[in-house]
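Below is one structure; the comments refer to it alone.
The values are calculated or read from the model by the stated rules, or taken from the named source; none is laboratory data. Remember, it's a predicted structure, so these values are computed and weren't measured experimentally. With ideal geometry, Cβ positions are generated from the backbone for all residues, glycine too; neighbour counts draw on all protein chains shown.
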Amino acid sequence: MYFPIIIKSQTLSEAWQMAVTEIMKNGHNREVKAPEYRCWTKDSPVFIIVNKPMQDPRLHPLCPVPKENADEYMNHIIHGQPSAEAENQFDYTYFSRLRDYPECEHRAELPGRNVNDEELMAGKECRIRRIDQVQMAIDTLKKDPTRRSIVMNTWIVGRDSMKFGKREKTSSPCLVTMHPQIVDGKLHLFVTMKTNDLYNAWPLNAYGFTGLQEYMAKQLGINVGAYTHFSVSMQVYEDMYEMANELMNYGGSG
């Protein structure tokens, strides 16, 4: 059977070691047959629930990412690169998709089904409005802390779901949505990713996303709650199996 693995932990560090151990033992042997590369992975859908995401240690002693790099990554998610030119060097960034999202002002006018879109949009150009979804979420929760429907989205369908023209070799965000919720006076964050490299990328992703969670909580004047991270396809690549086994057998205070 192919079903989600569920990890419950206290800290990010503990969560990483537990998740790697579980997926190495019980993950599916799944072959990647992409045109540009082929390899085997240990792969499963995985839920990782962290009760105290801001409690140290946030990075495991065997984490492949130095703390200074993790802090820089977190800062770029929250505040962006130093300039637009620096931001645009990347195919996408989570800051640009979460805090500078390009939306067409007229898209909301379209009906649920195509009646006659050409007539409806005749003479209208798609004026772009940049949306700071993080600030919008904060403002909404300040007005209504009980709001359950906030979604912060990174996906641009025409760009990320389809390969076309000069963007034939483009990449798309692994992070798809974030859902902040205030429950019992704490800000909880739920994250969905389409794929996630558990060994190399998850520690960095979780460190950065929980940093954003803390930033939002401070803006709201409340404490940080639990962090829940779901990847539809969480994997450890075969070239990391040896290091993953070392992590599984690590006996220090993770």
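Summary table
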item	result
Enumerated helices (runs of 4 or more DSSP H) restricted to region 1-120, each holding at least 3 residues that are touching a helix residue (DSSP H, G or I) at 6+ places or on another chain (Cβ under 7 Å)	12-26, 67-79, 94-99
Yes/no for residue 70 being more than 19 Å from residue 171 (Cα to Cα) and free of Cβ contacts under 8 Å to residues at least 12 places away in the same chain	no
Selected residue [at pLDDT 95 or above and not basic (Lys, Arg)] from 106, 76	76
Residue identified as surrounded by 12 or more Cβ atoms within 10 Å (Cβ to Cβ), over 22 Å from residue 180 (Cα atoms), in contact (Cβ under 8 Å) with a residue 24 or more places away in the chain and among the acidic types (Asp, Glu) among 87, 105	105
So residue 161, is it at pLDDT below 95, polar (S, T, N, Q) and either surrounded by fewer than 18 Cβ atoms within 10 Å (Cβ to Cβ) or farther than 20 Å from residue 98 by Cβ (or both)	yes
Hits in region 190-227 (condition: hydroxyl-bearing (Ser, Thr, Tyr), surrounded by 20 or more Cβ atoms within 10 Å (Cβ to Cβ) and touching a strand residue (DSSP E or B) at 6+ places or on another chain (Cβ under 7 Å))	199, 210, 227
Set 31, 14: member being among the acidic types (Asp, Glu) and within 21 Å of the chain's Cα centre (by Cα)	14
Among residues of region 48-57, those that are surrounded by fewer than 21 Cβ atoms within 10 Å (Cβ to Cβ) and under 19 Å from the mean Cα position of the chain (by Cα), counted	4
Only one of 98, 141 that is within 18 Å of the chain's Cα centre (by Cα) and under 27 Å from residue 183 (Cα atoms)	98
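So that you can scan it fast, the table gives a plain yes or no per residue for (1) assigned to a helix (DSSP H, G or I); (2) farther than 17 Å from residue 78 by Cβ; (3) aliphatic (A, V, I, L, M); (4) touching a residue at least 12 places away in the same chain (Cβ under 8 Å):
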| position | (1), (2), (3), (4) |
| --- | --- |
| 196 | no, yes, no, yes |
| 204 | yes, no, yes, yes |
| 211 | yes, no, no, yes |
| 230 | no, yes, no, yes |
| 233 | no, yes, no, yes |
| 239 | yes, yes, no, yes |
| 244 | yes, yes, yes, yes |
| 247 | yes, yes, yes, yes |
| 251 | no, yes, no, no |
